[in-house]
1. Let me know the charge dipole size of region 278-435 about its Cα centre in debye, to the nearest 20, where only the beta-carbon of Lys, Arg (+1) and Asp, Glu (-1) is charged.
2. As a check on your grasp of the helix formula, calculate [θ] at 222 nm for the chain: sum -39500 (n - 2.57) over DSSP H runs of n ≥ 4, divide by the residue count, round to the nearest 500.
3. Counting other beta carbons within 10 Å of each residue's own, what order do Phe153, Phe64, Phe335 fall into, fewest first?
4. Toward the positive end of the charge dipole of region 248-366, about the Cα centre and with charges on Cβ (Lys, Arg +1; Asp, Glu -1), which of Phe335, Leu259, Ala282 goes farthest?
5. Taking amide H atoms as placed 1.01 Å from N in the peptide plane, list the residues 5 or more away in sequence, or in a different chain, whose amide H sits under 5 Å from that of His142.
6. Output ³J(HN,Hα) for region 454-459: one whole-Hz value per residue in order, computed from phi by the Karplus curve 6.51 cos²θ - 1.76 cosθ + 1.60 with θ = phi - 60°, and x for Gly and Pro.
7. Name the residue farthest towards the positive end of the dipole of the chain from the options Leu459, Pro143, Ala58, assuming +1 on Cβ of Lys and Arg, -1 on Cβ of Asp and Glu, about the Cα centre.
8. How big is the charge dipole of region 248-366 about its Cα centre, in debye rounded to the nearest 20, if each Lys and Arg gets +1 on its Cβ and each Asp and Glu gets -1 on its Cβ?
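FYI, it's all coordinate maths here, none of it is from the lab. Model, not experiment: these values are computed from the prediction. Quick reminder, even Gly has a Cβ in these numbers, built from the backbone with ideal geometry, and neighbours come from all protein chains shown.
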Amino acid sequence: MGHSGRLGAVEDAALGTLAEDTLDYDEDAGVLALDGSLLSETVGFLVAGVGGVVLMLAGTALTFAGADGWARWTLGAGAALVLLVLAMLLVLRYAPDRPAVEFRLAEGVAAYRGATVPLAELEPAHLAWRGGRVFKRLHLRHPLIRRRIAAFFAGEADAAEEFRERLWELLSEPHLPGPATPVQRWILGAGALYGAINGFRLDRLGGDPSPEGALADGRAALELLQEPWNVYDLDQLLAAVTWLVQDGHRADFAQDADLAARPAAEQDEYARLLREVDGLIAEDRMEPPFVERLIELVRVRYGTEGEVYAKLVPSLLRDEPGADASEEGAALAQFLGQLFNDRDHAAEELHRLDVLADPGLRANTGRFLIWDYSRALMLYRWGHMAGWLTERYCWDRMLPLARDIQRGYGSWQDMATCYLQGRRLWSGADEEARAEYDRLMEELTGDSLSPWNLVPWDLDLRDDWS
């Protein structure tokens, strides 16, 4: 049912009963406050007051009937009840407010007068009834907190039992700890697949809230930044994020999609040249025939613009200043850098060409922004866990990325599907990892506490943490 659904069930169970006005839920703080004492006491005093008035009216009637003895007794008892009620109402009016029992769902604890009890320690027996002829009262009876939390009229017994059952379902459900706002949870949801596959929480920017857990998560973040991201300091982190946001792998995907749409003979020629050049690089055979083969590879790769790119190869190989200043030079420099420095790049590109033979997937290559942006969001999180970035800095820079993601997709499911397609293009034929991601996607879709189910896709993404 989910957190909000169970809370709504509690409110529905109390609707129209004496307990209806004893519930107070602070959505921003995630706190449900229950205080059944004041209302039931007030109603009890009012009932006693009405009884006093009735006795006084009866005493007046007895006076007119000539039964003076009975009249004096009845009037005295009625007046005493009314005065007692007035006195007690004055005490309640001017006495210091008594705190309610707070069920802090976001923190996972129940709190009252400085005492806190983890919700995980509560048992059904701790929600105990104490009844009478007029009222049926629900108490929290824990060794650390003993307090009345709701009251019903005796005639509302069925509604009272329904209320207790729904309340227990809410309290016994695991709750997301941490003070993440709705927009922050949306941002975490956008990076959920990459965060969860690496074992990180989805309810907060940083790591585990415990000191030991935070230390372990910080170490894990540093290790992941170093391998596979080759990031060892803040400057390298920000450079990696900038690359993901501006180009990322989606630039390669678009180029490969263009290659995969060409005639089979042209694709075969490109694959042959790519294997040949990659083999020469692996054998460190850089004599002049190598340059000619590389230029031919570039010419075929870039199709109708191949001559423009081919002319840039010699200056880039000589590392001439400004050789990568143009858009074409920057794109070619990136391709050559991957070809020379990543021994797996050629095989991965050939794999992408094979996968992109699917026209449906090829038509979707313009929608793989999430593959790059999701990882950029996680790099910010790891930078925070490593102690390089403040929380405010991260949220302020993650928010625009989240808005771009929201504009680019129609739902959490749509976003996740495009992420997995992007990963398929990047990773190669890793069936074991693919199966793990499929399992993770099902888990995030079905889990009521997943960010995908806690906040709607079309949430208004604005700064709600300042």
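1. Values: 19 positive and 27 negative charges, 154 e Å.
The calculation lands at about 740 debye.
2. Details: 21 runs with 285 residues, N = 466.
Rounded to the nearest 500, it is -19500 deg cm²/dmol.
3. Values: Phe153 16, Phe64 8, Phe335 21.
By the 10 Å Cβ count, ascending: Phe64, Phe153, Phe335.
4. Result: Leu259, furthest along the dipole toward the positive end.
5. Arg147
6. Listing the rounded values in order: 7, 10, x, 4, 8, 4 Hz.
7. After comparing all options, I get Ala58.
8. On the way: 13 positive and 26 negative charges, 30 e Å.
Taking the Cα centre of region 248-366 as origin, the dipole is about 140 debye.
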